[in-house]
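**Student:** This is the structure I have questions about; it appears just below.
Bear in mind these aren't lab numbers, they're just calculated from the coordinates by the rules spelled out. All of these numbers come straight from a predicted model, not from anything done at the bench. Note that each Cβ is placed from the backbone with ideal geometry, even for glycine, and that neighbours are counted across all protein chains shown.
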Amino acid sequence: MSSITLYLFFFIIPMIIGFVIQGWLRKTFAVNDQKPIASGKSGAEVAREILDGNGLGNVPVQPSKAGPLSDHYDPRKRALFLSEQVYAGRSVAATAVAAHEVGHAIQHASAYAPMTIRAAIFPLAAFGSRSWFILLIAGFFLQITGLIFAALVIFSFAVLFQLVTLPVEFNASRRAAEQLQVLGLVANEGEVAGVRQTLTAAAMTYVAGALASVAQLMYFVMIFMGNRD
């Protein structure tokens, strides 16, 4: 397989898939953000109700200042942060995203194993994502096999983090859908479908990210093994 073919297969195609899925997410969110939720509750209110219903009254719900789609649960602060559009929004999309982030808080409270594993990997993954490429370039230029190998090992932790993230995200979405129905926060099949569409599109962005990272790692491993031969 030529270097151009390898680059196309392991870089360009995953990148295109990622762009397509990101576009799908934005379109899906925009469509469902235009659909008012029958409960009339804001994303912040939905999050608060689910948290309280699961004995998590000590977890605050705060607005995020990081912009659109910056919604997240911070396990270190034990707090939920929602983007302005979700925090104040009273739409199907805002309800879905808020419930999903609460799913992470429930995971944390119940010591959900994949989330615990992801937290343990995070320091190595964060270091790897910042430093691996510098080591890789240095290894190739200086022709030091050990540096190249170290770079790939370090990067593998970042890839592993993204793979472990997949069950965490899909499980949070499942919990979100269940909680919304159990607590009566979605009123009809149309709202259930809109929530499902929003959560599925969001989850697929993580699949695309993991696919791109795995492909990138495989590309450099194949180049490394080819150079050794």
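**Student:** Grab the beta carbon distance between Phe19 and Ala138, set R0 = 25 Å, and tell me the FRET efficiency rounded to 0.05.
**Tutor:** The pair Phe19/Ala138 has a calculated efficiency of 0.25.
**Student:** Please sort 44-51, 202-209 by packing, taking for each peptide the average over its residues of neighbouring beta carbons within 10 angstrom, highest first.
**Tutor:** 44-51, 202-209
**Student:** Which value results when the Cα radius of gyration for the chain is divided by 2.2 N^0.38 Å?
**Tutor:** That works out to 1.17 for the chain.
**Student:** Please give the length that would be gained between Ala66 and Gln34 if that part of the chain were fully extended, namely 0.36 nm times their separation in residues minus their C-alpha to C-alpha distance (nm, one decimal).
**Tutor:** Fully extending the segment from Ala66 to Gln34 adds 9.3 nm.
**Student:** Using helices alone, I'd like the mean residue ellipticity at 222 nm for the chain: each DSSP H run of four-plus residues gives -39500 (n - 2.57), total over residue count, nearest 500.
**Tutor:** Result for the chain: -25500 deg cm²/dmol, rounded to the nearest 500.
**Student:** Next question. What ranking, highest mean first, results for peptides 91-98, 78-85 when packing means the other Cβ atoms within 10 Å averaged over each residue?
**Tutor:** The most tightly packed comes first, giving 91-98, 78-85.
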